[in-house]
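J.: Before anything else, here's the structure in question.
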Amino acid sequence: MMPGVSELSHSSSILIIGAGTWGVSTALHLARRGYTNVTVLDEYPQPSQISAGNDLNKICSFVNPPDESDKDYANQIFFAALSKGFKEDPIFQPHFHEVGIVMSALSPGGLQQIQKRNQEGFDMTELNEPEDFQKTMPSGILTGPVRGWKGFWRKNGAGWVHARNALLSAIVESQRLGVNFNCRYPQGKAVRLLHRNPDPTNNNGLTGDVIGVETQDNKRYFASRVILATGANSDQFLDFKKQLRPTAWTLAHIRMSPEEAKSYANLPVLFNADQGFFMEPDQDNHELKICDEHPGYCNWVIGADGERRSVPFARQQIPIESAKRIRALLRATMPQLADRPFSFARLCWCADTVDRNFLIDFHPDHPSLLLAVGASGRGFAHIPSIGGFIADRLEGRMEAKVAAAVRWRPEQALNRNWDDTLNRFGGQYKVMNLQEITEWTNIPNGYTESLLNTKNP
Ligand code: FAD
Ligand code: FSA
């Protein structure tokens, strides 16, 4: 134990900043382990409208537990744990829909990427011709040309999760187990970390261990341990030394009739690494969510130090170019829906690490601060289990090989190429800049956050 850091016990005060996917999973696991003094802060009421996990649906594929010798051991451990969670945990199991997944691509890079996924032991069919794809769904659905697509259909151990309902389910259970949620503005908005013995002459006073957080209403919360789980907004609290790149993707909904929603039920997820993806419509509100695929959008702002930083902002509109790509995906697959108006759209922010491995570690200079960030655009499916790994790290018992993969690793980001596509394809095949976007959708009632330090929108 580092000098000055209090002993951790089940009655220690633990403050989680961020009630998104990972914050909520952590709260649940801590409560299940018997921690009795857990508080979660969020600036938005539950489920937060800016949480990347607050969504109709998310893709989720299972993997089998890896061998010790697996090159990708840590990642496979994480995936094996989520697989168990969605199969067995009553809080999450009802929200998983095992409808299978059609994985596909157009470009050689995209094809190589989809093949990398661990598929052993699952029921797989290769898909080469448009008709092969069309047959993965009942007739009258994939009526588009599906031209040039190659891929495979995995019929089991994959599907989608009702993301918002899974989040809500975890929140309700955590509350039942005694977790205190303070999720509203301004009381739940963390504005800065509080440090022990801050030295104002050094590094803006950000020295010493972290002992709590100050909220927008000037209130101070003190805790034995602080867990930072603010997703794409995390690098506003401390210098992550370029380890996090806030990056946004885009999604849109179209509304269907109740009858249509029924006839589009139980479809396999359809993912194309170059064009985008969709799942069956939501059966409550009859909305179909569609995403275009691309390496992501950053919002580049030049700081006083001359460095560029991507600064997230919430917007329930998307660039027109993205809307066009979404319609192009529909034209290729379900042209009968391609011209319907969007009922909702938004930017959805996540934070990419250099290698897209998670970042779950204590901060080297602030030993009571645990970072639970860097979900790297693939962190939702981990909702049943990621909190268990975060709790393991908190308790100092994360498996060494896993801890090594998700450690604080600024050396990896020293010469970071901010424009790295990180094996993503589609769109313009490059990371795009929101500062360059002039045309946005104009969907009625779309919310736009105002941010002082960003020009856009
Ligand atoms: P979030 O869920 O975003 O949570 C961060 C929380 O912090 C929010 O609730 C926010 O309100 C809160 N917060 C922020 N600032 C403050 C503050 N100052 N004070 C207090 N609270 C604050 N993953 C998959 O596994 N499968 C998928 O199919 C998939 N699809 C995706 C599609 C899109 C379009 C996007 C963008 C992401 C997708 N992901 C998917 C990734 C996944 O959604 C994220 O990796 C995951 O939700 C990140 O969880 P998080 O807890 O780190 O962040
Ligand atoms: O199979 C998956 O985990 C899909 S994650 C969905 C997605 O939109 C990505 O396709 C995108 O590249 C980014 O990572 C955000 O999430």
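The values are calculated or read from the model by the stated rules, or taken from the named source; none is laboratory data. Being a predicted model, the structure only gives us computed values, none of them experimental. Virtual Cβ from ideal backbone geometry, glycine too; neighbours counted across all protein chains shown.
J.: Condition test on Arg393, is it over 16 Å from the mean Cα position of the chain (by Cα) and either touching a residue at least 40 places away in the same chain (Cβ under 8 Å) or farther than 26 Å from Ile77 by Cα (or both)?
T.: no
J.: Could you go through the stretch 174-193 and let me know if any residue there is under 19 Å from Val99 (Cβ atoms) and touching a residue at least 24 places away in the same chain (Cβ under 8 Å).
T.: no
J.: Now, a different point. Considering the stretch 391-401 alone, what residues qualify as being assigned to a helix (DSSP H, G or I) and over 22 Å from Ile16 (Cα atoms)?
T.: Ala400, Lys401
Here is a yes/no grid of residues against (1) out of contact with any Asp or Glu (no Cβ under 8 Å at 6 or more places or on another chain); (2) at pLDDT 95 or above; (3) within 16 Å of ligand 2 (Cβ to nearest atom):
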{"position": "Glu68", "(1), (2), (3)": "yes, no, no"}
{"position": "Gln93", "(1), (2), (3)": "yes, yes, no"}
{"position": "Gly109", "(1), (2), (3)": "yes, yes, yes"}
{"position": "Asn128", "(1), (2), (3)": "yes, yes, no"}
{"position": "Thr143", "(1), (2), (3)": "yes, yes, no"}
{"position": "Val161", "(1), (2), (3)": "yes, yes, yes"}
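J.: Within the stretch 254-370, considering only strands (runs of 3 or more DSSP E) that don't extend past its boundaries, which have at least 1 residues that are of a type in the set (D, E, K, R), away from ligand 1 (no atom under 13 Å from the Cβ) and over 25 Å from the mean Cα position of the chain (by Cα)?
T.: Correct list: empty, since no element meets the threshold.
J.: In the stretch 13-53, which residue that is of a type in the set (Val, Ile, Thr) and within 13 Å of ligand 1 (Cβ to nearest atom) is surrounded by the fewest Cβ atoms within 10 Å (Cβ to Cβ)?
T.: Once the filter is applied, the top-ranked residue is Thr39.
J.: Given the structure, is Phe152 under 26 Å from Lys84 (Cβ atoms) and among the aromatic types (Phe, Trp, Tyr)?
T.: yes
J.: Within the stretch 18-25, identify whether any single residue is in contact (Cβ under 8 Å) with a residue 40 or more places away in the chain and over 17 Å from the mean Cα position of the chain (by Cα), and answer yes or no.
T.: no
J.: Among the residues of the stretch 78-87, what is the count of those that are surrounded by 17 or more Cβ atoms within 10 Å (Cβ to Cβ) and either free of Cβ contacts under 8 Å to residues at least 24 places away in the same chain or over 18 Å from the mean Cα position of the chain (by Cα) (or both)?
T.: Result for the stretch 78-87: 1.
J.: Being free of Cβ contacts under 8 Å to residues at least 60 places away in the same chain, within 11 Å of ligand 2 (Cβ to nearest atom) and touching a Phe, Trp or Tyr at 6+ places or on another chain (Cβ under 8 Å) is the filter here; which residues of the stretch 343-381 pass it?
T.: Result: Ser376, single match.
J.: Are any residues in the stretch 389-406 of a type outside the set (A, V, I, L, M, F, W, C) and crowded, with 19+ Cβ neighbours inside 10 Å, and if so, which ones?
T.: Arg393
J.: Counting only residues that are in contact (Cβ under 8 Å) with a residue 24 or more places away in the chain and of a type in the set (S, T, N, Q), which one in the stretch 409-431 is surrounded by the fewest Cβ atoms within 10 Å (Cβ to Cβ)?
T.: Gln428
J.: Only one of Gly306, Gly377, Gly388 is touching a Gly at 6+ places or on another chain (Cβ under 8 Å) and within 26 Å of Leu238 (Cα to Cα); which?
T.: None of the others qualify; the one that does is Gly377.
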